Amino acid sequence: MADPNTPKFKELAKNLIDKMKPVYNTLLRFDGIQVTGFRLGVYASFEVYVNTRMNTTTLGQKTVAAAIALNNNTIEVETEGLVDISAPEQPVKLNSMIDIVCNSSQSDKAEWKQATHEEVSQITNGTESIVTSQGRGTTKLTLNQTSGIWAGLITCTFRPELDTGVKILHRASFKLDVALLPQIDIFSDPQFPECGKDSTVVSVRVKCQIKNSTEHYAVHWIVKGNYSKLATGADVGQDPRSYDAQMALSCLPQHEDQPADMTCVFRNRMNQTQKALIKIHIINVNRKRCQAGEDWPVTKAGFTAKLRCEGAREGFRSRECDNNGIWGKEESECVNRDLFSISERTQVIDKGLGSVVLNAAKLFSRLTTATNNTESINSVSNLNASVNILNNMQNLNTSFNELTLEEIVKSSSNILDIPSPEVWRPEQPIDAQNNLSMAELYLASVEQLIRQTNISKEHASEASNVQIKACKLARCRDNVFGVNVSVDGQQGVVKMAGFKNLVNFLPPIQPDADPNSIVVMMSVDGKKEPAFNHDLGSEEVLIQFKLTNPRPRNREMKCVAMDVKGKWSLDPCVWAGPRNEGSCKCKFSSAFAILLSRNAVNLPALREITYVGLAISIASLVSFLMIECLVWKAVTKSVGLYLRHITLLNISVSLLIGNCSLFASAFPGVVSDLWCQICVVLEHFFFLAQFCWMFCLSSLLLYQTLFVWSDLSKGWYQGICYSVGYGAPFLIVTITFVSHDGGAEGEYYDAHSCWLTHHGMLKGSFYSFIIPVGIIVFINLFSMALVIVKLLNPVKGLGPGGRESRSGGHAAIRVLRSITILTPVFGVTWIFGFASVALDLAEGPAASAAYYIFSICNSFQGLFILLTASVGEKMVRDALRKRFYATRRPSSTKETSMTMQSSMED
């Protein structure tokens with residue numbers, strides 16, 4: 001059936017003609033009918049020749065009759081000759097303005113199309129074309145800048161509406177011939193000609209290459225500067241077409257710094273020209289140069305070599321040779337051919353050739369395919385091209401549909417698969433005018449593309465790195481990639497998008513904080529607005545971020561939003577605090593993220609208070625130990641006094657060594673890791689020992705309070721105290737050290753603070769310290785409470801001298817003195833320590849107050865022990881007087897079985 005000479009073709013064609021000819025030959029001046037071919041289906045194409053104009057209604061009626069004759073088959077009709085078309089003389093100049101007018105008396109509805117050997121495109125209003133109606137049956141196409149894309153068959157078509165239902169198209173066409181001009185690539189071989197020792201001239205070949213074209217160019221050369229001879233060559237090759245010229249350059253010393261300017265000039269049929277210039281520098285014998293290596297040619301010092309990209313890539317590579325003749329880093333502008341083609345297409349998408357919406361959908365589909373292979377686009381130039389494609393598309397003054405949005409999501413997600421931060425962060429910003437980085441331009445472009453998409457209902461689009469949700473509610477609640485977003489007060493469609501990985505490629509958002517979430521974008525409706533140029537609304541956006549990394553204790557989170565200049569700002573947002581650490585409340589803006597502060601909250605003067613307190617505490621403990629040595633015999637005459645001072649002595653020694661270790665590791669960045677580890681072990685052991693001895697002291701005091709006249713075995717109790725005071729801490733520290741990877745940094749101790757690790761609730765070696773301390777402090781509080789109760793209710797008539805209870809005021813004074821004495825030696829101030837563990841500095845003033853109180857009380861603990869347990873005791877003061885004064889005064893204090901009560905009564 002494809003060959004018109006076969007019997008089958010002739011038979012079927014004759015059958016069709018016999019049925020249709022009796023109908024069409026009734027037309028005035030009918031000249032004949034001919035079947036021109038068959039297509040699969042089976043469809044027949046035929047032509048009817050009429051040597052006069054006819055009425056569309058009549059033609060429609062005849063066509064209906066012919067269809068009936070063919071057993072009610074469908075016939076579609078296209079006519080030529082019923083539409084007049086006027087066109088300018090051919091060819092037309094490039095970038096000229098032309099008008100094409102079509103007239104038809106048959107219909108008013110018209111459309112324009114262009115056909116090339118590649119595709120058929122509808123012509124619409126664009127940056128280079130304007131379609132207007134000139135009255136009944138007349139339409140005009142104005143091309144205000146006739147670029148090369150308009151070369152092809154231009155057709156105007158009228159579509160009359162008939163009651164018969166027959167589809168008839170009236171067409172007229174002509175071939176628009178545009179005189180083209182090429183894009184020229186010019187280079188020399190060699191790039192830097194080398195002059196020999198005795199040479200007076202050196203030869204070089206210059207090539208001008210263009211893409212293959214139907215235009216026939218006249219080419220000539222212009223040479224200026226250092227040259228002695230020129231010989232032009234012929235057109236070489238098909239694609240690319242290359243035009244060569246051979247020239248000789250002078251090697252005389254006076255010409256060394258005078259380059260030859262070589263220009264190739266292409267002239268089209270309309271005498272329009274396009275030029276390309278190259279400067280050729282010679283290298284004399286003694287001139288510095290970079291030697292040839294790999295595929296790089298010999299290059300003159302202080303200049304740059306340039307090579308065309310190879311394979312399926314477009315563009316050039318360059319490499320600088322510095323003034324000392326040393327090669328610099330290679331700079332590549334090579335772009336995958338697919339991306340290069342898409343990028344070129346974005347430059348003409350809105351010129352009026354084809355529907356912008358359909359063209360955009362095709363381009364985004366091509367971009368999705370071109371970016372599917374991450375490795376093939378993992379370079380600065382390819383990423384630059386991909387982001388610029390998005391940027392060019394968002395600059396179109398058009399709206400996209402939901403199908404196009406799907407391709408936008410896929411292609412933009414593929415781009416975020418590029419993992420290399422160095423690719424996203426080249427040395428120079430790609431948008432120098434607005435000083436935007438690659439990631440910032442990407443975000444601005446995708447945000448605007450989403451903003452320009454018409455979404456009239458709830459919608460969801462998702463790819464691996466980009467997710468978009470839309471909701472048409474006054475109170476919008478949804479989530480993207482696990483980030484919950486709530487918007488109040490917005491009327492219309494609220495669009496939100498989440499971007500994985502993008503936050504890792506953005507420039508530093510805040511100098512003292514790191515990103516800790518994905519980037520979330522917000523927009524309303526589908527209206528066109530300049531990127532980052534919309535005012536912050538009064539509506540609030542509540543965002544519950546899914547944190548990338550857990551927030552360490554005492555670290556603040558910072559909520560940021562994009563401001564009108566495309567930069568991140570803290571002003572529109574408020575962090576909800578550590579109790580709801582991923583939550584931000586912001587004014588409505590374009591993009592949001594949450595950051596994690598690099599450093600813990602800094603409390604002013606806390607470190608200085610601690611260091612001063614430690615120094616005073618160490619000095620006080622040394623003084624206490626010296627006093628104990630001086631008065632030891634005088635204050636340990638009874639078993640109770642002896643045991644009490646033994647516990648105080650060990651408390652002081654443990655606290656002294658612990659404080660010295662803490663002071664020795666006060667600057668973690670200076671001391672070595674080994675020294676830091678040693679200090680942490682000593683602090684861990686001796687601070688635990690301090691509390692264990694405090695427990696022994698509270699047990700002793702409680703025993704003496706409850707059993708006033710009971711004897712206590714000195715050796716037995718002393719053995720228990722040493723076992724508890726040093727044995728228990730030794731076991732705890734040893735087990736903790738071994739179980740935390742043998743005391744490894746990060747497991748047992750933290751090198752940044754030279755203290756035990758704390759990774760969260762019940763996580764870290766810190767809890768091997770705080771839990772025993774907590775138990776001991778609780779027991780000591782219980783003991784202290786019993787002692788105070790006993791002081792408020794003394795046993796009448798049983799004390800030495802048979803003294804009765806004194807007044808209530810005196811009892812209150814005794815209680816107050818007891819609390820003052822017992823609080824530091826029992827470690828009760830560590831209640832504030834537990835408060836500082838439970839509270840987070842990010843919570844605000846209450847937590848800060850607990851830290852200050854704890855720091856003051858504990859860093860000055862040695863001074864409190866000196867003042868209350870030594871200098872504050874009358875027995876010790878009397879012993880010191882006897883030691884240093886010749887005149888002895890009788891002691892007014894009797895030893896009792898309860899030493900602490902005796903000292904307080906006095």
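Every listed requirement among (1) in contact with a helix residue (DSSP H, G or I) (Cβ under 9 Å, 6 or more places away or on another chain); (2) at negative phi; (3) free of Cβ contacts under 8 Å to residues at least 60 places away in the same chain is met by L181 save one, (3). Being open to solvent by 30 Å² or more (accessible area, probe 1.4 Å), of a type in the set (D, E, K, R) and either in contact (Cβ under 8 Å) with a residue 24 or more places away in the chain or in contact with a Cys (Cβ under 9 Å, 6 or more places away or on another chain) (or both) is true of R337. For first residues located in the stretch 504-520 and modelled with pLDDT under 90, partners that are part of a loop (DSSP other than H, G, I, E, B) and lie 6+ apart or on another chain with Cβ distances below 6 Å form the pairs P507/S437; D512/R598. The residues of the stretch 386-407 that are of a type outside the set (S, T, N, Q), more than 17 Å from V466 (Cα to Cα) and surrounded by fewer than 23 Cβ atoms within 10 Å (Cβ to Cβ) amount to a single one, L396.
Take the conditions (1) in a helix (DSSP H, G or I); (2) open to solvent by 30 Å² or more (accessible area, probe 1.4 Å); (3) closer than 22 Å to V494 by Cβ; K410 misses just one of them, which is (3). When the stretch 549-595 is filtered for residues that are open to solvent by 30 Å² or more (accessible area, probe 1.4 Å), within 16 Å of P515 (Cα to Cα), in contact with a strand residue (DSSP E or B) (Cβ under 9 Å, 6 or more places away or on another chain) and part of a loop (DSSP other than H, G, I, E, B), the ones remaining, listed by number, are N549, P550, R551, P552, R555, E556, L570, E581.
Exactly one residue among D108, D99, D84 is closer than 27 Å to Q183 by Cα and touching a residue at least 12 places away in the same chain (Cβ under 8 Å), and that residue is D99.
Only one of the numbered conditions (1) part of a loop (DSSP other than H, G, I, E, B); (2) of a type outside the set (D, E, K, R); (3) open to solvent by less than 50 Å² (accessible area, probe 1.4 Å) is violated by N286, and that is (3).
The strands (runs of 3 or more DSSP E) located wholly in the stretch 19-104 that include 3 or more residues which are more than 21 Å from G137 (Cβ to Cβ) occupy 30-39, 43-50. Of all residues in the stretch 704-734, exactly one satisfies the criterion of being part of a helix (DSSP H, G or I) and in contact with a Gly (Cβ under 9 Å, 6 or more places away or on another chain), namely Q704. When restricted to residues that are open to solvent by 40 Å² or more (accessible area, probe 1.4 Å) and part of a helix (DSSP H, G or I), the stretch 596-633 contains 15.
Considering only the stretch 305-325, state which residues are assigned to a strand (DSSP E or B) and either open to solvent by less than 70 Å² (accessible area, probe 1.4 Å) or among the acidic types (D, E) (or both). A305, L307, E314, F316, R317, S318, R319, E320, C321 - these are the residues of the stretch 305-325 that are assigned to a strand (DSSP E or B) and either open to solvent by less than 70 Å² (accessible area, probe 1.4 Å) or among the acidic types (D, E) (or both).
If the condition is being closer than 21 Å to N286 by Cβ, surrounded by fewer than 16 Cβ atoms within 10 Å (Cβ to Cβ) and in contact with a strand residue (DSSP E or B) (Cβ under 9 Å, 6 or more places away or on another chain), then the stretch 173-202 contributes G196, T200.
Residue count for the stretch 392-430 satisfying the condition of being within 18 Å of G315 (Cβ to Cβ) and modelled with pLDDT of 90 or more: 1. Scanning the stretch 583-603 turns up no residue that is small (G, A, S) and without any contact (Cβ under 8 Å) to a residue 40 or more places away in the chain. Taken together, L94, L82 contain a single residue that is closer than 20 Å to I149 by Cβ, touching a helix residue (DSSP H, G or I) at 6+ places or on another chain (Cβ under 9 Å) and either surrounded by fewer than 18 Cβ atoms within 10 Å (Cβ to Cβ) or not hydroxyl-bearing (S, T, Y) (or both), which is L94.
H645 meets all of the listed conditions (1) without any contact (Cβ under 8 Å) to a residue 12 or more places away in the chain; (2) of a type outside the set (A, V, I, L, M, F, W, C); (3) open to solvent by less than 10 Å² (accessible area, probe 1.4 Å) but one, namely (1).
Residues are listed down the side, and each one gets a yes or a no for (1) more than 23 Å from G81 (Cα to Cα); (2) at pLDDT 90 or above; (3) open to solvent by 70 Å² or more (accessible area, probe 1.4 Å); (4) small (G, A, S):
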{"position": "A2", "(1), (2), (3), (4)": "yes, no, yes, yes"}
{"position": "L12", "(1), (2), (3), (4)": "yes, yes, no, no"}
{"position": "Y24", "(1), (2), (3), (4)": "no, yes, no, no"}
{"position": "F30", "(1), (2), (3), (4)": "no, yes, no, no"}
{"position": "R39", "(1), (2), (3), (4)": "yes, no, yes, no"}
{"position": "V50", "(1), (2), (3), (4)": "no, yes, no, no"}
{"position": "T57", "(1), (2), (3), (4)": "no, no, yes, no"}
{"position": "V64", "(1), (2), (3), (4)": "no, yes, no, no"}
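Could you pull out the residue among L880, L822 that is assigned to a helix (DSSP H, G or I), at pLDDT 75 or above and open to solvent by less than 50 Å² (accessible area, probe 1.4 Å)? Only one candidate qualifies: L880.
The values are calculated or read from the model by the stated rules, or taken from the named source; none is laboratory data. What you are looking at is a predicted structure, and each value in this text was computed from that prediction instead of being measured. When we count neighbours, we look across all protein chains shown, and the Cβ atoms used for this are built from the backbone with ideal geometry, even at glycine. All accessible areas refer to the heavy atoms of the entire protein, side chains included, with ligands and DNA or RNA removed. Shrake-Rupley method; radii C 1.70, N 1.55, O 1.52, S 1.80 Å.
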